[in-house]
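Here is the structure we will look at.
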Amino acid sequence: MLKKIYMLVFLLIGQALTLVAQDSVGAQNVEMADRFRADGKIYVVIFVLGTILLGLILYVVRLDRKITKLEKDLK
């Protein structure tokens, strides 16, 4: 189980590094993102998205544990 969690964390960190590594060549200016950055609200958006992602990960881990327990009880 711990191995699965480490693999998931490694995968998520790899995704984040891939997104950071992309440059802005040919990128369009997004007015909404610029406004959020200027007002400092981008951190609120990142916090909310991080909280939602963390909640989903915890839900999946908990669900996996319950399913594993049910499978063991059936055997």
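Read-outs throughout are calculated quantities, based only on the coordinates presented, and are distinct from any laboratory measurement. Given the structure is predicted, the values throughout are model-derived calculations rather than measurements.
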> What is the extension gain from TYR59 to LYS72, computed as 0.36 nm multiplied by their sequence separation minus the C-alpha to C-alpha distance, in nm to one decimal?
Replying inline: 2.7 nm
> Tell me which lysines have Cα within less than 17 Å of LYS4's Cα, excluding those fewer than 8 residues away on the same chain?
Replying inline: LYS66, LYS69
> Can you list the aspartates and glutamates whose alpha carbon sits under 15 Å from that of LYS3, skipping same-chain ones fewer than 8 residues off?
Replying inline: ASP64
>> Through the Karplus equation 6.51 cos²θ - 1.76 cosθ + 1.60, θ set to phi - 60°, convert the phi angles of segment 58-65 into ³J(HN,Hα) values in whole Hz; use x for Gly and Pro.
In response: 4, 4, 5, 5, 5, 5, 4, 5
